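Worksheet: one structure, shown below.
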Amino acid sequence: MRIDVIATADEVKDQMVKGKLAVVIDVLRATSTIVTALSNGCKGVIPVCDVDQAKAKACELDPEQCLLGGERNAVIIEGFHHGNSPLEYTAERVQNKYVIITTTNGTRAIHHAKEAVDIVIASFLNGQAVVQYIHKNYLEDITIICAGTEGHFSLEDILCAGKIIYELKSLGNDISLNDLGIAAENLYKHNKDDMHQLLQGTFHYSRLISLNFEKDVEFCMQQDVFQLVPIFIDGIISITNIKAKNKLM
Ligand code: MLT
């Protein structure tokens, strides 16, 4: 198995994902929020790149059945129902509803993966489920796309990529890696028991804490609390617990 890790959404080119499985990670907070909404009974998450697209999409859906969510500069967008805090996406709010979401980096990263065979949404919250899914369904090329923050890599995304690589190797998979994949695996291996210590002072982690989102940070850094694998197909992210749409074996 070959795994390449890409540091930011902006670096993704079609040929890096074409014919492969893409795993998209934005730990703080877009993919953690998507995973949480789906685990709380949301019918599907529709990721879009900008605010106007989100509003246009909302006009196509039954207003009783859809919520607008997302952020710019980490805070809720004016006129939207929710921001980008996973803690807002409770069962009471999202059950049986669609969530249309736009975030600065995470939703762009998902769309940049559009040429992939399958697109899986990953975070620390569902890391183990994603690892099991890959282990059972894929033997070939995988690209892990770390969303990053405003064009720069974010250490928490690289750590999460490292978790996926480390745990796939622990299951006996023979994996070749690009340089960032090797760095990610080692970063996770040596810091998995105290990730907060490593992330102190990193840009987005510190920014969220300074904006009083420390509970979000705590929440998003939990490992393996949701056993679900969200897949992005035809413009919508929904849950699969079964085998891949297109096996690459
Ligand atoms: C993003 O997509 O840029 C992030 O999820 C930002 C945030 O934490 O709100």
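What follows draws every value from the coordinates through simple rules; no lab data is involved. All figures in this text were calculated on a predicted structure; none of them were measured in a lab. Neighbour counts run over all protein chains shown; Cβ positions are idealised from the backbone, glycine included.
Protection proxy ranking for 144-153, 172-181, using the average of other Cβ atoms within 10 Å per residue and placing the highest first: 144-153, 172-181.
Amide H to amide H distances under 5 Å link Thr8 with Cys146, where only residues 5 or more positions off or on other chains count and H is placed in the peptide plane.
I'd like the orientation of helix 155-170 relative to the chain: the angle between its Cα long axis and the longest Cα principal axis, in ° from 0 to 90, rounded to 10. Result, in degrees: 50.
The share of alpha-carbon pairs in the range 98-221 lying farther apart than 24 Å comes to 28%. With Cα atoms as the point set, the radius of gyration and Dmax of the chain evaluate to 16.6, 49 Å. Residues whose amide H lies under 5 Å from that of Gly70, counting only those 5 or more places away or on a different chain, are Ile77, His82, Gly83, Asn84, Thr102; hydrogens are built 1.01 Å from N in the peptide plane. Counting beta carbons within 10 Å around each of Asp50, Asp194, Asp234, Asp157 and listing the fewest first gives the order Asp234, Asp194, Asp50, Asp157. Of the peptides 99-108, 79-88, the ranking by mean beta-carbon count within 10 Å, highest at the top, reads 99-108, 79-88. Run the paramagnetic zone check for Asp224: 7 angstrom along Cα to Cβ, then residues of the range 96-133 with backbone nitrogen under 16 Å. Answer for the range 96-133: 123-133.
Working from Cα positions, state the angle (0 to 90°, nearest 10) between the long axis of helix 51-60 and the longest principal axis of the chain. Between the helix axis and the principal axis of the chain, the angle is about 70 degrees.
Applying a DSSP loop filter and a limit of 16 other Cβ atoms within 10 Å to the trypsin sites (Lys or Arg not before Pro) in the range 140-249 leaves Lys192, Lys243, Lys245, Lys247. Going from the fewest other Cβ atoms within 10 Å to the most, the residues Lys20, Lys114, Lys13 appear in the order Lys13, Lys114, Lys20. Please identify, among Gln200, Gln132, Gln222, the residue showing maximal mean-square fluctuation in a Gaussian network model of the chain using a 10 angstrom Cα cutoff. Of Gln200, Gln132, Gln222, the Gaussian network model singles out Gln200 as fluctuating most. Computed from backbone phi, the HN-Hα couplings of the range 188-199 come to 5, 3, 8, 10, 4, 8, 8, 5, 4, 4, 5, 7 Hz, rounded to whole numbers (Karplus: 6.51 cos²θ - 1.76 cosθ + 1.60, θ = phi - 60°; Gly and Pro given as x).
Looking at the chain only, what percent of DSSP beta bridges run antiparallel? Nearest 5 please. Taking every DSSP beta bridge with both residues in the chain, the antiparallel ones total about 30 percent. Remark: the range 143-151, residue by residue, has Karplus-estimated 3J(HN,Hα) of 10, 9, 9, 8, 5, x, 10, 6, x Hz, where x stands for each Gly or Pro and the curve is 6.51 cos²θ - 1.76 cosθ + 1.60 at θ = phi - 60°. Its relative contact order, with pairs defined as Cα atoms under 8 Å and 6+ residues apart, puts the range 2-233 at 34 percent. Placing +1 on the Cβ of every Lys and Arg and -1 on the Cβ of every Asp and Glu, with nothing else charged, gives the chain a dipole about its Cα centre of roughly 520 debye. For the range 2-233, lysine pairs separated by 8 or more sequence positions, or belonging to different chains, with Cα-Cα distances below 20 Å total 19.
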